[in-house]
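Worksheet for the structure shown next.
The values are calculated or read from the model by the stated rules, or taken from the named source; none is laboratory data. All values reported here derive from a predicted model rather than from experimental measurement. For neighbour counting, all protein chains shown are included, and Cβ atoms are generated from backbone atoms with ideal geometry for every residue, glycine included.
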Amino acid sequence: MTGEEFRSLAVELFGAERGWQSRIATALGVERSAITRWLNGTRIPGPVVAAMECWAKNGAPTPPAPQ
């Protein structure tokens, strides 16, 4: 998965409104800076690609309720 493919799918799953990178980072359990690196061309880890493909088929995870 390329950075552009990741961006496109992430926006489809988590919405284009402000904060989508933070929302997907939280869902994946990674730092937001990892999202930026992937978007800029760093190889996206296999488990992240698998999660994205799973969410594409089954829907994005629901964010946790505020505490």
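Where helices (runs of 4 or more DSSP H) fall entirely within the chain, those with at least 2 residues that are in contact with a Ser or Thr (Cβ under 9 Å, 6 or more places away or on another chain) are at 20-28, 32-39. Residues satisfying the criterion are absent from the range 22-31 (criterion: of a type in the set (A, V, I, L, M, F, W, C), in contact with a Leu (Cβ under 9 Å, 6 or more places away or on another chain) and without any contact (Cβ under 8 Å) to a residue 12 or more places away in the chain). Of all the residues in the range 37-53, those that are over 17 Å from residue 11 (Cα atoms), surrounded by 13 or more Cβ atoms within 10 Å (Cβ to Cβ) and among the β-branched types (Val, Ile, Thr) number 0. Hey, does the range 46-61 have a residue that's of a type in the set (D, E, K, R) and at pLDDT 95 or above? Within the range 46-61, none of the residues are of a type in the set (D, E, K, R) and at pLDDT 95 or above. For the range 17-36, the criterion of being of a type in the set (Phe, Trp, Tyr), surrounded by 10 or more Cβ atoms within 10 Å (Cβ to Cβ) and at pLDDT below 95 is met by at least one residue.
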